[in-house]
Amino acid sequence: MNGPRYRQSAETSNRYRDIDAAVREAAVAAVIALEAHGQSESAARRAVAEQLGVSASAVREWVRAAEGTQRNIVAASQLRRELADTHAQLAVARQLNRDLVAALHARAPAVGADHYLAR
């Protein structure tokens, strides 16, 4: 068989022209909102595409077109690195806090809770 295995009909290719800029912007906003609630970009695109009756690749193109103007995309790998760095910093801060508390307890005489209530 020579030629394309799938030929897009005129009806299919023209249906996306019926979707105006406001609907596309709303679709992009919906993808971003779904991602903010933990969905992957591809899952968010599929969900939005299903609601609009368009392909996920069409929604992907709308999202890509919006990236330069309104979307700040951070790669998932970068977010994982930042999260790991933040967890490491938190672990260091917790250990420092434990060390400081231990040092204060070692330096100060034992004081009961009633000492603080008497003030």
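The table below gives the values:
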| read-out | value |
| --- | --- |
| Qualifying residue in the range 75-85 (condition: at pLDDT below 85 and of a type in the set (Ser, Thr, Tyr)) | yes |
| Residue 63 being at pLDDT below 90, out of contact with any strand residue (DSSP E or B) (no Cβ under 8 Å at 6 or more places or on another chain) and in a helix (DSSP H, G or I) | yes |
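The values are calculated or read from the model by the stated rules, or taken from the named source; none is laboratory data. What you see is a predicted model, and the numbers here were worked out from it, not measured in a lab. No Cβ is skipped: glycine too gets one built from the backbone with ideal geometry, and neighbour counts run over all protein chains shown.
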